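**Student:** Just dropping this structure here.
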Amino acid sequence: MISVETLEYLSITWRDAFDIALVTFLFYQVMIVIRGTRAVSSIYGLLLLIAVFAFSEYFGFYTLHWILQQFLGSFFLVVVILFQDDIRRGLSNMGARSFFKKVEVADSFLDEIVGAAMNMGKRRVGALIVLEHHVPLGDVVQRGVVIDSAVSKELLVTIFQVKTPLHDGAVILRRGRIAAAGCILPLAVGEQDRPEYGTRHRAGIGITEQTDAVAVVVSEERGDVTVAVNGRLTSNLDRTRLKRVLRNLLGR
């Protein structure tokens with residue numbers, strides 16, 4: 001027969017339920033941030049080390065056990081070193097995102113971007129257009145040439161003409177306006193072995209790996225239009241699909 005003390009010990013209060021729900025939510029958010037990134041491989045490697053650590057202790061491999069004990073002794077420091085980029089990106093996304101604000105994107109704004117991308121793709125003009133989302137891109141804007149102009153198809157096409165001084169960099173769109181052009185973006189580090197991806201594609205992947213921005217890339221060689229988000233590419237987009245993808249990513 002279960003005693004009263006045991007029942008009181010096993011009872012779950014609302015604080016316990018809230019604590020469990022909060023931890024579950026945090027773990028879920030962490031999995032969302034690292035899903036599809038290199039951090040997943042690092043986690044597998046860390047779990048393998050922990051398994052070897054337990055194995056060495058059980059079978060009495062004292063030297064191996066001592067080495068792993070010194071390494072895993074500063075577990076939180078190891079985690080910060082291994083996942084510093086993912087932690088920074090996750091904290092930036094959490095700090096910049098508002099759970100109570102809905103982003104509205106006008107169809108006319110999307111039409112100008114889509115029209116410019118399709119126009120340049122048809123004429124094989126390379127382009128890289130980055131749309132700021134929740135995480136501010138002020139540091140990237142400062143490294144470019146500030147424009148602060150309304151978004152128009154004609155202006156975007158003009159910026160990326162081969163003979164213009166700003167055609168090699170990226171255009172940053174923020175708050176529905178062209179903030180800057182000729183901006184230098186961080187390159188993705190894991191795409192060097194894929195010859196179909198040029199510098200523009202690597203830059204589009206790089207900025208979306210570090211922020212929640214959306215990048216539209218027009219290939220100079222093939223003329224196809226690609227969207228980069230969260231370090232992933234969606235390729236071969238026509239006018240209708242490009243507008244639908246941008247609307248879904250940026251909100252209505």
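**Student:** Report every pair of residues separated by at least 6 positions or lying on different chains whose Cβ atoms are under 6 Å apart, first residue within the range 44-71 and free of Cβ contacts under 8 Å to residues at least 40 places away in the same chain and over 28 Å from Met31 (Cβ atoms), second open to solvent by 60 Å² or more (accessible area, probe 1.4 Å) and of a type in the set (Asp, Glu).
**Tutor:** Every condition considered, the pairs that remain are His65/Glu57.
**Student:** Now for a separate question. For the range 30-68, name all the residues that are on the phi > 0 side of the Ramachandran plot and either part of a helix (DSSP H, G or I) or modelled with pLDDT under 85 (or both).
**Tutor:** Gly36
**Student:** Select, from Phe83, Phe71, the only residue that is at pLDDT 65 or above and surrounded by 13 or more Cβ atoms within 10 Å (Cβ to Cβ).
**Tutor:** None of the other options fit; the residue is Phe83.
**Student:** Turning to a different aspect of this structure: If the requirement is being among the aliphatic types (A, V, I, L, M) and in a loop (DSSP other than H, G, I, E, B), which of these qualifies: Val125, Val114?
**Tutor:** Values: Val114 fails: in a loop (DSSP other than H, G, I, E, B).
None of the other options fit; the residue is Val125.
**Student:** Which residue out of Arg15, Arg89 is modelled with pLDDT under 70, basic (Lys, Arg) and either open to solvent by 100 Å² or more (accessible area, probe 1.4 Å) or assigned to a helix (DSSP H, G or I) (or both)?
**Tutor:** Numbers: Arg15 fails: modelled with pLDDT under 70.
Within the list Arg15, Arg89, the selection yields Arg89.
**Student:** Do you know which residues across the range 161-171 are modelled with pLDDT under 95 and either charged (D, E, K, R) or not in a loop (DSSP other than H, G, I, E, B) (or both)?
**Tutor:** Across the range 161-171, the qualifying residues are Lys163, Asp168.
**Student:** Among the residues of the range 143-160, what is the count of those that are surrounded by 19 or more Cβ atoms within 10 Å (Cβ to Cβ) and either in a loop (DSSP other than H, G, I, E, B) or aromatic (Phe, Trp, Tyr) (or both)?
**Tutor:** Count: 3.
Yes/no matrix, rows are residues, columns are (1) assigned to a loop (DSSP other than H, G, I, E, B); (2) open to solvent by less than 10 Å² (accessible area, probe 1.4 Å):
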{"position": "Val141", "(1), (2)": "no, no"}
{"position": "Leu173", "(1), (2)": "no, yes"}
{"position": "Ala180", "(1), (2)": "no, yes"}
{"position": "Leu185", "(1), (2)": "yes, no"}
{"position": "Gly204", "(1), (2)": "no, yes"}
{"position": "Thr208", "(1), (2)": "no, yes"}
{"position": "Asp212", "(1), (2)": "yes, no"}
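The values are calculated or read from the model by the stated rules, or taken from the named source; none is laboratory data. No experiment lies behind these values; they were computed from the predicted model shown. Because the Cβ atoms are built from the backbone with ideal geometry, glycine has one as well, and the counts that use them run over all protein chains shown. The area values use the complete protein model at the heavy-atom level, side chains included, leaving out ligands, DNA and RNA. Shrake-Rupley method; radii C 1.70, N 1.55, O 1.52, S 1.80 Å.
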